[in-house]
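Below you'll find the structure, written out as structure tokens, and then a few comments.
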Amino acid sequence: MAFSHPYDPKKHLIEDCYLDTSDGSYQAKDQMEWLLKRGEEVEEGKILDTACVVTVQVGFWDSGMRLFQQQLYYNDEAKPPTRKTNVNFGANCDKLWMERSFKSPLTKIKHRNAVFQLFIILGNAALDFVVMYKDDVLAHVEAEYAEQF
């Protein structure tokens, strides 16, 4: 999965650096985190998970569905890339507004960090990708393994 991390010139390329206007920090975009690596044992029923933080602007009176997207990557090389299957999902504003808000020091606009849980459930014949927010399943995708075990 591709994430943004605090920018470190010793670890990240300058072209990955951007200013996050929600908090005024410099971030490195498209940094890869591999939840399942080549050669790792695949146990049926094992769950791999991570959190994905998305900064949003949602007010108390906002309503409706906000759409989000998370890209899921597959790579079977012995040494997968460290930087950069789409799954689209939505979350209702009536839950997003409950996240603690903070004001951008640059723009003075209020933001909230929504934390989505991303799960990969390992099966005998397929992987199940699940996206959840506040105990609600927002998206589910099943993908077959690229090679047999």
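FRET efficiency for the pair V141 and K108, taken as 1/(1 + (r/R0)^6) with r the Cβ-Cβ distance and R0 = 25 Å, rounds to 0.05. Per-residue Karplus couplings for segment 117-133, computed as 6.51 cos²θ - 1.76 cosθ + 1.60 with θ equal to phi - 60°, are listed in order as 9, 10, 10, 10, 9, 7, x, 5, 10, 8, 9, 10, 9, 10, 10, 10, 9 Hz, Gly and Pro entered as x. Give me the lysines in straight-line cross-link reach of K10: C-alpha distance below 29 Å, same-chain residues under 8 apart excluded. Within the straight-line limit of under 29 Å, K10 reaches these lysines: K29, K37, K79, K84.
Here K95 is the anchor, and the lysines within straight C-alpha reach of less than 18 Å, apart from those fewer than 8 places off in the same chain, are K110, K134. Counting only residues at least eight positions apart within a chain, or on another chain, the aspartates and glutamates with an alpha carbon under 15 Å from that of K103 are D20, D23.
Computed from the coordinates by the stated procedures, all read-outs in this text should not be read as laboratory data. No experiment lies behind these values; they were computed from the predicted model shown. Note that each Cβ is placed from the backbone with ideal geometry, even for glycine, and that neighbours are counted across all protein chains shown.
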